[in-house]
1. How many of the residues in the range 217-256 are out of contact with any helix residue (DSSP H, G or I) (no Cβ under 6 Å at 6 or more places or on another chain), in a loop (DSSP other than H, G, I, E, B) and touching a residue at least 12 places away in the same chain (Cβ under 8 Å)?
2. Does GLU262 satisfy being out of contact with any Cys (no Cβ under 9 Å at 6 or more places or on another chain), assigned to a helix (DSSP H, G or I) and either aliphatic (A, V, I, L, M) or on the phi < 0 side of the Ramachandran plot (or both)?
3. Among the residues of the range 13-53, which ones are out of contact with any helix residue (DSSP H, G or I) (no Cβ under 7 Å at 6 or more places or on another chain), over 21 Å from ASN83 (Cβ atoms) and of a type in the set (Lys, Arg)?
4. Is one or more of the residues making up the range 260-267 more than 17 Å from ALA231 (Cα to Cα) and surrounded by 19 or more Cβ atoms within 10 Å (Cβ to Cβ)?
5. Quick one: ILE130 ticks every box in (1) modelled with pLDDT of 75 or more; (2) loosely packed, with under 15 Cβ neighbours inside 10 Å; (3) farther than 30 Å from GLY261 by Cα bar one, so which box is it?
6. For the range 10-33, which positions are assigned to a helix (DSSP H, G or I) and surrounded by 14 or more Cβ atoms within 10 Å (Cβ to Cβ)?
7. One residue is enough: does the range 70-80 have a residue meeting the conditions at positive phi and outside any helix (DSSP H, G or I)?
8. Suppose the filter is farther than 22 Å from SER85 by Cα and either in contact (Cβ under 8 Å) with a residue 24 or more places away in the chain or surrounded by 14 or more Cβ atoms within 10 Å (Cβ to Cβ) (or both); does TYR56 pass it?
Amino acid sequence: MFTREEYENLINNSPLFEIDKESSPALYKTERYNFLTILTDYYRLYIYPNKPLDSYSMTLMETAIECIKYYNKSKGEFLHLFNSSMKRDLHIAKAKEIIEEKRQGIRVASEDDKLIRKIVALANSKGLDINDSTVQEKISKALNIEFTRLQELLRINNDAIVVSSTVTNEDGDEIELFDLQVSHEKTAEDKMAEESAFAALVERIDVVFASVQERQKKLLSMLLTVEVIKACDEDLDKARQVLENKKLFNEEAFDYYVKNGELPTAKQIGVLCGVSEQSLSRTYKNFKEKLK
């Protein structure tokens, strides 16, 4: 058995990344198998030593294959990309389980489920009433979905309990499915546009934050700062740049991450601020309503 550092070195410097898949398919296949075995052992022994392998092995394999496909060695170590992607995909897998529970066993075809969540996400992002027929017509055009097909999808959604782009996991954290599902094939222009849009969103949030009651500010500043850090893939330096000179900036959230190696959950933030989960949820919900 290797040490943690040895495993990390084997992964980050794998000969897999030097093999041309097209000219050496057999060698590539063999080396990929070896690589996935080492990566699995690394997670089993050092990342999730107390978690059953079968509870995350499928996600690990799918995420690893995706990361191998898009990995560019010149842009950094493989594990930096993989660990970030793995965390994202585990959140998505858990969120999907929760959605299935909320639907009370009613199953929805995978393709329909994707379209439903896309429709709901678009409506939520614009603050639109999804039940308004005029809004439905606009969304059908924006997403290039026939109007009757869109209405059928919404009927399926209503029958299976409304699906929101935001779900709450077992720790009390809200998970934004659509924010987590990041494309690996964005152009530089797309990334710049997204960063600009994100900066503008934070500016807007900060303006609304300044208007809330003083007694709510500590709670909201922690929640919002945590959300910004998550949106920055837990890159603290990047998050600090985004939050620079913002009223909502909360140093305590950064300190918590540095001390504990992870962000505080919504439940933990409630304890730190001395408020109940119900009160926290209500305050955050009301704040998001003001943003619309």
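The values are calculated or read from the model by the stated rules, or taken from the named source; none is laboratory data. Keep in mind that what you see is a predicted model, and the values were worked out from it rather than measured. Methodologically, a virtual Cβ is constructed for each residue, glycine included, from the backbone with ideal geometry; neighbour enumeration extends over all protein chains shown.
1. Counting residues in the range 217-256 that are out of contact with any helix residue (DSSP H, G or I) (no Cβ under 6 Å at 6 or more places or on another chain), in a loop (DSSP other than H, G, I, E, B) and touching a residue at least 12 places away in the same chain (Cβ under 8 Å) gives 1.
2. No; evaluated as a whole, the condition is false for this residue.
3. Scanning the range 13-53 gives a single hit, LYS29.
4. Checked the range 260-267: no residue is more than 17 Å from ALA231 (Cα to Cα) and surrounded by 19 or more Cβ atoms within 10 Å (Cβ to Cβ).
5. With respect to (1) modelled with pLDDT of 75 or more; (2) loosely packed, with under 15 Cβ neighbours inside 10 Å; (3) farther than 30 Å from GLY261 by Cα, ILE130 is out only on (2).
6. Start the filter on the range 10-33 by keeping residues that are assigned to a helix (DSSP H, G or I), which leaves 10-12, 15-18, 25-33.
Of everything in the range 10-33, those that are assigned to a helix (DSSP H, G or I) and surrounded by 14 or more Cβ atoms within 10 Å (Cβ to Cβ) turn out to be LEU10, ILE11, ASN12, LEU16, PHE17, LEU27, TYR28, GLU31, ARG32.
7. Scanning the range 70-80, I find at least one residue that is at positive phi and outside any helix (DSSP H, G or I), so the answer is yes.
8. No: the conditions fail for TYR56.
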